[in-house]
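Novice: After the structure tokens below, expect a handful of questions from me.
What follows is calculated from the coordinates using simple rules that are stated; it is not laboratory data. This is a predicted model, so every value here is computed, not measured. Glycine also receives a Cβ, built like all others from the backbone with ideal geometry; neighbour counts cover every protein chain displayed.
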Amino acid sequence: MELLDRLRGLIGPEHVLTGADTAGFGQEWTGHYHWSPLAVLRPASTAEVSAVLALAHETGTPVVPVGGNTGLNGGTMAEGALMLSLSRLNRLRSFNAETRTVVAEAGVILETLHSRAAEAGLAFPLTFGAKGSAMVGGFLSTNAGGSNVVRYGSARALCLGLEVVLADGRVMDLMTELHKDNTGYDLRDLMIGAEGTLGVITAAVLRMVPAPSAYATALVGMRDLPSALALLNAVQAGTGGMVEAFEFMPDRYMERLARLKPELTCPFDPAPVNVLIETATTIAGEAPQERLEALLADAFEVGQISEAIVANSETQRRKLWEMRESAAEITFTTPDLVDTDIALPLDRLETFLMRMKKRLHALDPQAEELVIAHLGDGNIHYCAYPSDMAQAAAIRAAVAEETVALGGSFSAEHGVGVSKRATMARHKDPVALEVMRAIKSALDPKGILNPGKVLP
Ligand code: ZN
């Protein structure tokens with residue numbers, strides 16, 4: 001293969017993996033998607049990524065970028081394509097505590113950012129279950145969300161600048177650390193969430209925030225979602241907007257958790273709606289726990305909540321978080337499932353869940369539901385376990401229909417990949433799709449970048 005020889009010349013023969021050496025790159029961790037890449041490339045610098053893409057462009061060879069491989073939608077499927085692993089671009093190019101910015105390459109792991117920021121009394125607040133593997137390039141390319149979006153926004157809100165290698169190998173330098181920059185179209189925000197279809201992110205300027213000096217964490221039981229929304233608003237008002245996380249775990253979730261991980265059994269009889277709520281303060285000497293307890297006592301008095309446990313130690317806090325962060329693990333234990341990732345206006349979640357219960361029952365009376373949600377930002381992971389996977393497409397379609405009918409989005413934080421392309425065709429505004437296709441063909445005329453993803 002002449003192409004592979006040329007690639008070996010560009011990045012070193014030991015970094016062009018083929019055959020058995022590509023094992024581990026041929027599937028998503030859930031096992032839902034499998035493929036055989038032509039080769040896995042492990043460049044070490046932006047210059048090497050640029051050289052690889054220039055050659056791929058010249059030869060019309062498809063290239064699929066991959067980071068920590070923590071995706072869920074087939075976004076890194078690379079049948080017969082070159083997989084471009086960014087894991088060796090793992091340097092922190094600079095760290096500035098004064099301006100609260102860090103320049104990180106695409107292969108830096110999210111947890112590394114967390115610990116480096118913590119050393120300086122700061123926080124990089126994006127966080128989710130896969131933080132030990134997920135990488136900068138991947139969480140920006142999917143505009144990942146997670147548990148703290150209610151306070152800090154998704155990945156996009158934490159990115160000030162980008163370095164991107166375009167399909168033909170040109171390097172686009174958008175590495176500003178400015179908070180305001182109105183110099184034409186926002187190409188940074190175009191690249192974030194593009195899932196590697198418009199360019200390959202090689203580095204980013206990321207924004208940090210002051211690290212909270214203390215947290216208050218509680219698990220609260222309630223009868224319904226409107227009560228939960230009222231509680232969220234009361235705690236936001238009562239803490240000056242210091243709610244870091246507001247995570248919904250319904251009784252069904254708690255039952256499954258107790259069955260699969262008995263050590264994480266809910267400390268009270270699960271209510272229909274259980275919420276992990278966390279507030280924080282950056283003010284030295286302030287005790288957020290007292291304030292949260294007082295607010296929960298008020299909520300208890302008016303019958304808004306029925307149960308509450310406030311963590312009294314970091315160990316207890318970690319345990320409550322483990323209940324939430326076990327979600328992916330306990331969800332995918334049963335491989336035959338339909339997993340979705342939707343966003344709704346905050347006051348319509350209950351209606352959605354009621355409608356879906358009926359729809360699911362009509363499609364498959366034996367199917368079971370499993371729901372977990374970042375309630376603070378309206379993002380629900382609605383999963384169903386059909387009795388027959390032949391129903392999967394119909395269930396997926398029903399979820400998208402009910403979501404869109406209620407003013408929601410069928411893709412909140414995991415990206416589109418291949419699994420939501422049909423839904424894109426059905427529900428995305430047709431003019432928006434035309435504009436997306438025009439952008440794609442302008443930036444990647446040969447269609448070599450992550451082909452078959454995002455666009456229907
Ligand atoms: Zn999530």
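Novice: Quick one: length gained pulling T282 to V435 fully straight, 0.36 nm per residue minus the C-alpha distance?
Specialist: Here the segment from T282 to V435 would lengthen by 50.8 nm.
Novice: I want to make sure I understand the PRE zone here: with the label point 7 angstrom from the Cα of S133 toward its beta carbon, which residues in segment 315-348 have backbone N atoms less than 20 Å away?
Specialist: Correct set: 322-341.
Novice: What is the Rg over Rh value, at two decimals, for segment 309-363, using alpha-carbon atoms and the Kirkwood definition of Rh?
Specialist: The Rg/Rh ratio comes out at 1.11.
Novice: How large is the dipole of segment 53-136 about the Cα centre if only Lys and Arg carry +1 and Asp and Glu carry -1, each at its Cβ, rounded to the nearest 20 debye?
Specialist: My answer is approximately 200 debye.
Novice: To the nearest 0.05, what FRET efficiency results for R223 and E79 with a Förster distance of 51 Å applied to their C-beta separation?
Specialist: Calculated value: 0.55.
Novice: Convex hull volume of the Cα atoms in segment 81-152, per residue, in Å³? Mind dumping the intermediate values first?
Specialist: Values: hull volume 7.0 nm³, N = 72.
Convex hull of Cα atoms, per residue: 97 Å³.
Novice: To the nearest 20 Debye, how big is the dipole of segment 128-195 about its Cα centre, given +1 on the beta carbon of each Lys and Arg and -1 on that of each Asp and Glu?
Specialist: Once rounded to the nearest 20, the dipole reads 320 debye.
Novice: Show me the trypsin sites (Lys or Arg not before Pro) within segment 195-284 that DSSP assigns to loop and that have at most 16 other Cβ atoms within 10 Å of their Cβ.
Specialist: Here the sparse-neighbourhood loop sites are R223.
Novice: Based on the Cα atoms of segment 189-340, what semi-axes does the equivalent ellipsoid have, where each is the square root of 5 times one gyration tensor eigenvalue, given in whole Å with the largest first?
Specialist: Equivalent ellipsoid of segment 189-340: 28, 24, 15 Å, largest first.
Novice: Efficiency by 1/(1 + (r/R0)^6): what FRET value for Q366 and T59, r their Cβ-Cβ distance, R0 = 60 Å, to the nearest 0.05? Kindly include the intermediate steps, with their values, before the conclusion.
Specialist: On the way: r = 51 Å, r/R0 = 0.84.
Calculated transfer efficiency: 0.75.
Novice: Starting with the highest mean, order 238-248, 408-418, 278-288 by the number of other Cβ atoms within 10 Å, averaged over the residues of each peptide.
Specialist: Details: 238-248: 20.2, 408-418: 22.0, 278-288: 16.9.
Going by the mean number of other Cβ atoms within 10 Å, highest first, we get 408-418, 238-248, 278-288.
Novice: Then there's this: Please pull out the direction-averaged projected area of segment 355-453, using the convex hull of its alpha-carbon atoms, in nm² to one decimal place. Don't skip to the answer; put the middle values down first.
Specialist: Working: hull surface 30.1 nm².
Directional mean of the projected Cα hull area for segment 355-453 stands at 7.5 nm².
Novice: If I histogram all Cα-Cα distances within segment 27-183 using bins 10 Å wide from 0, what percent of pairs lands in each bin?
Specialist: Percent of Cα pairs in each bin: 10, 37, 35, 15, 2.
Novice: Right, next: Can you give the helix-only mean residue ellipticity at 222 nm for the chain, where every DSSP H stretch with n ≥ 4 adds -39500 (n - 2.57) and the sum goes over all residues, rounded to the nearest 500 deg cm²/dmol? Mind showing how you got there, number by number?
Specialist: Working: 15 runs with 156 residues, N = 456.
Here the helix-only value at 222 nm equals -10000 deg cm²/dmol.
Novice: Could you work out how much longer the chain between D173 and A425 gets when fully extended? Use 0.36 nm per residue separation minus the Cα distance between them, nm to one decimal. Provide the component values of the computation, followed by the final result.
Specialist: Numbers: separation 252, 0.36 × 252 = 90.72 nm, distance 3.26 nm.
Length gained between D173 and A425: 87.5 nm.
Novice: Rank-order 372-378, 16-22 by packing density, defined as the average count of other C-beta atoms within 10 Å over each peptide's residues, highest first.
Specialist: Highest-to-lowest ranking by the protection proxy: 372-378, 16-22.
Novice: Of the options L363, V63, V108, report the single residue whose Cα projects farthest towards the positive end of the charge dipole of the chain (beta-carbon charges: Lys, Arg +1; Asp, Glu -1).
Specialist: V63
Novice: Viscosity 1.567 mPa s, temperature 4 °C: what is the translational diffusion coefficient of segment 1-105 from Stokes-Einstein with a Kirkwood Rh over Cα pairs, rounded to a whole number of µm²/s?
Specialist: 88 µm²/s
Novice: Same structure, new question: Got the relative contact order for segment 343-402 handy, in percent, Cα pairs under 8 Å and 6 or more residues apart?
Specialist: Values: 60 pairs, mean separation 22.0, N = 60.
In percent, rounded to a whole number, it is 37.
Novice: Please report, in Å, the Rg and the Dmax of segment 198-277, where both are computed over Cα atoms only.
Specialist: Spelled out, the Cα radius of gyration and Dmax of segment 198-277 are 17.2, 50 Å.
Novice: Between T351 and S213, what FRET efficiency comes out of the Förster formula 1/(1 + (r/R0)^6) with R0 = 25 Å and r the beta carbon distance, rounded to 0.05?
Specialist: Once rounded, the FRET efficiency stands at 0.05.
Novice: Ok, one more. Just name one of L353, L320, A234: the one whose Cα is farthest towards the positive end of the charge dipole of the chain (beta-carbon charges, Lys/Arg +1, Asp/Glu -1).
Specialist: L353
Novice: For S313 paired with E293, estimate the spin-label separation in nm (one decimal), with each label point 7 Å from Cα along the Cα-to-Cβ line.
Specialist: 1.7 nm
Novice: At q = 0.08, 0.12, 0.13 Å⁻¹, work out log10 I(q)/I(0) for the chain with the Debye formula, treating every Cα as an identical point scatterer and leaving solvent out; two decimals please.
Specialist: Evaluating at q = 0.08, 0.12, 0.13 Å⁻¹ gives log10 I(q)/I(0) of -0.48, -1.08, -1.24.
Novice: Provide the per-residue ³J(HN,Hα) series for segment 440-456, in order, calculated from phi with Karplus coefficients 6.51, -1.76, 1.60 and θ = phi - 60°, each as a whole number of Hz, with x at glycine and proline positions.
Specialist: 4, 6, 6, 8, 9, x, 8, x, 8, 8, 6, x, x, 10, 6, 7, x
Novice: How far apart, in nanometres, would the label points at E329 and L406 be if each is projected 7 angstrom from Cα along the Cα-to-Cβ direction?
Specialist: 2.9 nm
Novice: Quickly rank 184-191, 399-406, 123-130 as a protection proxy: mean count of other C-beta atoms within 10 Å, highest first.
Specialist: Top of the packing list down: 123-130, 399-406, 184-191.
Novice: What number, in percent, do you get for the relative contact order of the chain if the mean sequence gap of Cα pairs under 8 Å and at least 6 apart is divided by its residue count?
Specialist: For the chain, the relative contact order is 16 percent.
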